[in-house]
Amino acid sequence: MTKFLLIVHVLAAIVAIGPVTVAASMFPAAARRAAATPDAVDDLATVRVLHRVCRVYAGLGLAVPVFGFATARSMHVLGSPWLITSIVLTALAAGVLGLLILPRQEAVLDTLAGADTGADTGRLTVGRATTARLAMLTGIFNLLWATVTILMIVRPGSTTGA
């Protein structure tokens, strides 16, 4: 059963977290392009798709810690420092994504879409500072996940073998 749980946990991480890291990383540049070219419908559609990927796969990503806890319980490593650190970093990554990245993406998308409907906001209000901040937050999110991945592979101090 442990091997099955571990396989599902790893596959969930690859399938769910991978697309979020890529789409979130692509979002700021796509938003800058969409803001710079108000007539380009394709650029706005790209930004919408990237945000949708982030939102949907963030929800699917909830399977990662669920199966992670089940795997850890099965392996009897719930109290291990490397796992506790990974849990804390995973919670931080989830917080960065859910509380900082997704709402900012939504705000950028609303601003860009508002320009499409003729609202006062205009696409030029999505400035470089806004997208740079979003890129920074995405980088933090990606670094947190990279650190968790390293901890899961190396498992410092683990007696369960590497």
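The values are calculated or read from the model by the stated rules, or taken from the named source; none is laboratory data. Here the structure is a predicted model, which means the values were calculated and not measured. Here the Cβ is made from the backbone with ideal geometry for all residues, glycine too, and neighbour counts use every protein chain on show. For accessibility, only protein heavy atoms count, side chains too; no ligands or nucleic acids. Shrake-Rupley method; radii C 1.70, N 1.55, O 1.52, S 1.80 Å.
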Test result for residue 5, open to solvent by less than 30 Å² (accessible area, probe 1.4 Å) and more than 19 Å from residue 153 (Cβ to Cβ): no
Does at least one position in the range 40-51 carry a residue that is open to solvent by 30 Å² or more (accessible area, probe 1.4 Å), within 23 Å of residue 148 (Cα to Cα) and at pLDDT 90 or above? no
Filter the range 82-99 down to the residues that are among the polar types (S, T, N, Q) and surrounded by 17 or more Cβ atoms within 10 Å (Cβ to Cβ), then identify the one that is nearest to the chain's Cα centre (by Cα). 90
State all residues of the range 67-80 that are in a helix (DSSP H, G or I) and surrounded by 13 or more Cβ atoms within 10 Å (Cβ to Cβ); if no residue qualifies, say none. 67, 68, 69, 70, 71, 72, 74, 75
Note on the range 34-72: residues of a type in the set (D, E, K, R) and touching a Leu at 6+ places or on another chain (Cβ under 9 Å) are 43, 48, 55
What pairs can you find where one residue is in the range 137-162 and farther than 21 Å from residue 77 by Cα and surrounded by 13 or more Cβ atoms within 10 Å (Cβ to Cβ), the other is at pLDDT 90 or above and among the basic types (Lys, Arg), and their Cβ atoms are less than 8 Å apart, with a gap of 6+ or different chains? 137/104
With the first residue restricted to the range 27-47 and required to be more than 14 Å from residue 109 (Cβ to Cβ) and outside any helix (DSSP H, G or I), and the second required to be of a type in the set (Asp, Glu) and modelled with pLDDT of 90 or more, Cβ contacts under 9 Å at 6 or more apart or on different chains are 37/43
Odd one out for residue 57 among (1) over 30 Å from residue 110 (Cα atoms); (2) aromatic (Phe, Trp, Tyr); (3) open to solvent by 30 Å² or more (accessible area, probe 1.4 Å): (1)
Select from the range 19-39 the residues that are surrounded by fewer than 20 Cβ atoms within 10 Å (Cβ to Cβ) and either within 15 Å of residue 127 (Cα to Cα) or modelled with pLDDT under 95 (or both) and list them in ascending order. 29, 33, 36, 37, 38, 39
